[in-house]
Amino acid sequence: MSLTLWNSRFSITLVRQHTTIFTSARTALTENAINSSHLSQNFLQRRHFALNLMKTNTGGDGGRAPSNSRNPTNNQRGSSQPRYTRNASMSQGAAGGGIPFEHPHCDRIAMYDYESRRNRITRGPYDYDLIVIGGGSAGLACAKEAVACGARVVCLDYVKPTPLGTKWGVGGTCVNVGCIPKKLMHQASLLGEAVHEAAAYGWNVNEKIKPDWNKLVSSVQNHIKSVNWVTRVDLRDKKVEYINGLGSFLDPHTMTIKMKSGDRKITSQTFVIAVGGRPRYPDIPGAVEYGITSDDLFSLNREPGKTLVVGAGYIGLECAGFLKGLGYEPTVMVRSIVLRGFDQQMAGLVADSMEERGIPFLYQYVPLSVEKLSSGKLLVKYEHSQSGEVRSDTFDTVLWAIGRKGLVDDLNLANAGVHTFKDKIQVDSYEATNVPNIYAVGDIIYGKPELTPVAVLAGRLLARRLYGESTQRMDYTDVATTVFTPLEYACVGLSEEDAVKEFGADEIEVFHGYYKPTEFFIPQKSVRHCYLKAVAERHGEQRVYGLHYLGPVAGEVIQGFAAALKSGLTIKTLMNTVGIHPTTAEEFTRLNITKRSGLDPTPASCCS
Amino acid sequence: MVVKHNVKGYDEFSKKMEELEGNGSAQVHVLFSGGKDENGESWCPYCVKAEPVISDALKKAPDNSHFVHVDVGERSYWKDLNCPFRKDPNTHLIFLPTLLRWKSPQRLDGERCSNKDLVEMMFEDED
Ligand SMILES: Cc1cc2nc3c(=O)[nH]c(=O)nc-3n(C[C@H](O)[C@H](O)[C@H](O)COP(=O)(O)OP(=O)(O)OC[C@H]3O[C@@H](n4cnc5c(N)ncnc54)[C@H](O)[C@@H]3O)c2cc1C
């Protein structure tokens with residue numbers, strides 16, 4: 001067994017190396033292909049070489065690294081764990097054994113119809129059936145559903161102020177300092193762009209439009225406050241008890257709650273930990289004193305001005321994007337790669353599209369210190385991570401967007417015996433922790449997409465399994481998401497590199513194309529980065545594994561395709577779908593050029 | 001004690017709010033409901049249902065806060081989509097009755113105005 005494991009890990013490494021060759025060869029190819037439609041001899045040779053290498057390595061059983069969990073014929077090869085069963089099988093022990101769940105494309109039954117543990121509503125020795133810790137996306141959904149199923153529930157929520165003193169109401173990250181204010185500021189930025197375009201469309205607009213930061217902030221904050229109010233009304237209406245207090249464990253069934261009015265001890269049969277996370281600060285001088293995070297930005301009481309955004313995850317890029325659109329000068333500092341975890345070809349295009357709009361990227365730099373000058377400006381020193389070269393520049397604002405930390409520290413999890421893992425909590429496919437009566441859901445769980453709709457659905461399903469008749473588990477795969485950069489990027493399913501990693505480059509076909517949105521012509525907007533691709537099975541049914549779209553209203557475009565992909569979309573179906581004209585979403589129905597063909601993916605004419 | 005005011009129509013309402021705002025920062029709650037005919041009967045059934053609940057819960061409102069009951073007018077006047085109560089950015093009324101805290105996020109409308117729990121929450125809310 002251990003040999004097999006070792007073996008398979010070994011071959012994964014090897015296959016990764018091949019795919020690197022592949023991807024780099026392919027990237028080079030796409031770049032060249034625009035000018036020449038001939039396959040480079042070099043590429044063919046390398047591909048041949050890689051294929052041979054792969055054949056030799058897939059001889060043994062353990063060598064089936066890119067095992068095809070989506071192809072039913074491959075499933076009896078059970079010795080290596082396909083990507084989608086790894087988590088489930090890891091958790092089998094805790095869940096008490098049973099059938100592993102496969103990827104939903106081919107084994108939905110196992111996922112949804114498997115007997116799960118159910119908690120009886122006890123009315124036993126405890127104050128409550130359920131204490132939900134955290135009143136964010138996951139916690140509120142879980143608490144409301146549990147009450148609807150008849151459980152006695154209390155939901156705790158408490159927000160510690162940021163170092164700058166920013167605090168907010170009930171509802172968690174998404175409503176207060178996440179999705180909602182972010183999308184509103186993105187919209188503000190898009191509107192500015194639209195006003196400029198309006199002139200080309202014949203509107204007489206005053207050329208000198210400028211944003212009023214304070215007005216924007218107060219509009220956004222007023223909206224948030226009314227959402228907070230509606231949340232509280234909803235909780236009261238649905239008879240969910242809500243306590244504004246910080247919870248920490250005394251033992252697996254007891255919690256103390258720190259409130260304004262003093263401490264209180266309560267007991268419960270079951271707990272759901274839904275505490276989410278908060279932004280990290282780097283461990284460098286001046287970071288906490290002078291820097292801010294997304295927790296402060298959306299309510300900042302002064303214009304951000306020239307801003308250094310440290311971090312190129314989606315939050316950093318989105319903030320830089322709307323700051324630019326609002327007329328400020330953001331610079332993005334990238335330690336290693338842009339949009340880690342996303343398809344890297346698309347990530348590169350997103351970064352390029354931002355640079356084209358005048359947002360500088362400092363690649364391979366890490367900050368060293370932040371000092372406040374007598375002028376009030378912030379002096380930031382930073383270092384090139386390879387050459388060690390040190391540079392400095394002054395900014396009005398420094399925004400840390402270097403990642404988020406799970407809020408495990410205040411919970412005193414040791415008192416309850418709950419294990420943590422890299423400031424997150426590991427759960428099995430029932431969202432159960434290592435302690436039988438304690439569950440975790442939302443951003444706090446390790447290794448799952450950190451998105452509001454994921455948190456909401458997982459929280460609701462958990463409550464239904466605990467107190468309702470349901471056995472349905474959360475399906476964390478193929479979750480669509482959008483990066484709200486000035487040119488938006490949305491995707492669902494596998495990235496190209498993950499598909500290659502899982503199935504092998506030879507089994508993947510990528511259909512791609514650049515396109516020109518109709519409404520971009522008149523204002524002469526750049527179409528350089530309007531690009532999309534479908535990552536699919538190369539042979540057989542040509543299942544679509546992933547869809548990627550860079551362009552306007554990306555989230556609206558991808559949401560429907562996400563349902564199609566989850567229903568087993570194939571390239572054939574996609575090509576036989578009639579588009580809606582003129583839209584940009586219809587470009588998915590027009591994809592016909594494969595990367596492998598080396599043909600030019602740029603459109604020949606504007607509106608064929 | 002809560003200070004109560006009764007006004008009728010948009011002009012009286014705006015004048016009253018101006019006057020109260022001039023008075024300083026005391027909390028003001030406003031209830032908008034459909035007008036009554038000469039027999040004291042309202043065309044708006046939810047308003048009728050809400051009134052006793054609200055006047056009972058008013059005990060929970062802070063001392064020295066104000067409560068303004070606005071008679072919006074006849075049904076046909078209200079149903080006109082250009083009715084000034086609908087257009088005013090501070091009221092933006094969509095439903096009757098609506099109970100709100102002036103220039104604050106707190107707002108209840110329709111059937112929720114006759115939910116004792118929610119109405120008390122409105123008057124007690126500290127945020
Ligand atoms: C800038 C930004 C933009 C985002 N944009 C998007 C987007 O566009 N789309 C999307 O889907 N997702 C987005 N997200 C992610 C989304 O906000 C999270 O996935 C979601 O909020 C997770 O919900 P949750 O319930 O797990 O945690 P949270 O919403 O963070 O809620 C946890 C709550 O628990 C409280 N809490 C913590 N510890 C305790 C304790 N001991 N006692 C009591 N209460 C406690 C916290 O203060 C918080 O209120 C964004 C996030 C950020 C930061």
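The values are calculated or read from the model by the stated rules, or taken from the named source; none is laboratory data. Because the structure is a prediction, the values reported are computed rather than measured. Quick reminder, even Gly has a Cβ in these numbers, built from the backbone with ideal geometry, and neighbours come from all protein chains shown. To get the accessible areas, we keep the full protein, side chains included, count just its heavy atoms, and leave off ligands, DNA and RNA. Shrake-Rupley method; radii C 1.70, N 1.55, O 1.52, S 1.80 Å.
Set side by side, the residues A:Ala199, A:Ala148 differ, and just one is among the small types (Gly, Ala, Ser), open to solvent by less than 50 Å² (accessible area, probe 1.4 Å) and more than 16 Å from the ligand (Cβ to nearest atom), which is A:Ala199. Please enumerate the residues belonging to the stretch A:398-438 that are in contact with a Leu (Cβ under 7 Å, 6 or more places away or on another chain), open to solvent by less than 10 Å² (accessible area, probe 1.4 Å) and either under 15 Å from A:Met474 (Cβ atoms) or away from the ligand (no atom under 11 Å from the Cβ) (or both). Selection gives A:Val398, A:Glu431. Considering each residue of the stretch A:359-371 in turn, none proves to be surrounded by 16 or more Cβ atoms within 10 Å (Cβ to Cβ), assigned to a helix (DSSP H, G or I) and of a type outside the set (Val, Ile, Thr). Among the criteria (1) away from every other protein chain (no Cβ under 14 Å); (2) closer than 30 Å to A:Tyr242 by Cβ; (3) open to solvent by 50 Å² or more (accessible area, probe 1.4 Å); (4) more than 9 Å from the ligand (Cβ to nearest atom), the one A:Leu191 does not fulfil is (2). Screening A:Arg473, A:Arg460, A:Arg464, A:Arg391 for residues that are part of a loop (DSSP other than H, G, I, E, B) and either surrounded by fewer than 20 Cβ atoms within 10 Å (Cβ to Cβ) or touching a helix residue (DSSP H, G or I) at 6+ places or on another chain (Cβ under 7 Å) (or both) leaves exactly one candidate, A:Arg473. Among (1) away from chain A (no Cβ under 14 Å); (2) assigned to a loop (DSSP other than H, G, I, E, B); (3) touching a residue at least 12 places away in the same chain (Cβ under 8 Å), which single condition is B:Gly40 missing? The number of the failed condition is (3). Has the stretch A:584-599 got any residue that is charged (D, E, K, R), more than 29 Å from A:Leu190 (Cα to Cα), outside the structural domain of A:Ala200 (by TED's automatic domain parsing) and surrounded by fewer than 17 Cβ atoms within 10 Å (Cβ to Cβ)? Scanning the stretch A:584-599 turns up no residue that is charged (D, E, K, R), more than 29 Å from A:Leu190 (Cα to Cα), outside the structural domain of A:Ala200 (by TED's automatic domain parsing) and surrounded by fewer than 17 Cβ atoms within 10 Å (Cβ to Cβ).
Look at B:Tyr46 and say whether it is open to solvent by 40 Å² or more (accessible area, probe 1.4 Å), away from chain A (no Cβ under 14 Å), within 18 Å of A:Val233 (Cβ to Cβ) and modelled with pLDDT under 95. Taking the combined requirement at face value, the residue satisfies it. Note on the stretch A:210-243: among residues that are away from chain B (no Cβ under 11 Å) and of a type in the set (Val, Ile, Thr), the one that is farthest from A:Ala148 (Cα to Cα) is A:Val217. Just to be sure before I move on: is A:Val500 buried (at least 21 other Cβ atoms within 10 Å of the Cβ), among the hydrophobic types (A, V, I, L, M, F, W, C) and not assigned by TED's automatic domain parsing to the domain that holds A:Glu355 in the structure I sent? Against the criterion (buried (at least 21 other Cβ atoms within 10 Å of the Cβ), among the hydrophobic types (A, V, I, L, M, F, W, C) and not assigned by TED's automatic domain parsing to the domain that holds A:Glu355), A:Val500 qualifies. Going by the structure shown, is A:Phe484 of a type in the set (A, V, I, L, M, F, W, C), open to solvent by 20 Å² or more (accessible area, probe 1.4 Å) and closer than 25 Å to A:Gly178 by Cβ? Yes: the conditions hold for A:Phe484. Looking across the stretch A:254-273, the residues that are open to solvent by 10 Å² or more (accessible area, probe 1.4 Å), within 12 Å of the ligand (Cβ to nearest atom) and more than 14 Å from chain B (Cβ to nearest Cβ) come down to A:Thr256, A:Lys258.
Conditions (1) in a strand (DSSP E or B); (2) touching a Gly at 6+ places or on another chain (Cβ under 8 Å); (3) under 18 Å from A:Val479 (Cα atoms); (4) open to solvent by 20 Å² or more (accessible area, probe 1.4 Å), marked per residue:
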position: A:Lys516; (1), (2), (3), (4): no, no, no, yes
position: A:Arg528; (1), (2), (3), (4): no, no, no, yes
position: A:Val535; (1), (2), (3), (4): yes, yes, yes, no
position: A:Leu547; (1), (2), (3), (4): yes, yes, yes, no
position: A:Gln559; (1), (2), (3), (4): no, no, yes, yes
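A:Val233 meets each of the listed conditions (1) free of Cβ contacts under 8 Å to residues at least 60 places away in the same chain; (2) within 14 Å of the ligand (Cβ to nearest atom); (3) open to solvent by less than 10 Å² (accessible area, probe 1.4 Å) apart from (2). Residue pairs whose Cβ atoms lie under 6 Å apart, sitting 6 or more positions apart in sequence or on different chains, and linking a residue in the stretch B:99-110 that is small (Gly, Ala, Ser) to a partner that is assigned to a loop (DSSP other than H, G, I, E, B), are B:Gly110/B:Phe95. Counting only strands (runs of 3 or more DSSP E) wholly contained in the stretch B:56-127, the ones carrying 3 or more residues that are within 14 Å of chain A (Cβ to nearest Cβ) occupy B:98-101, B:107-109.
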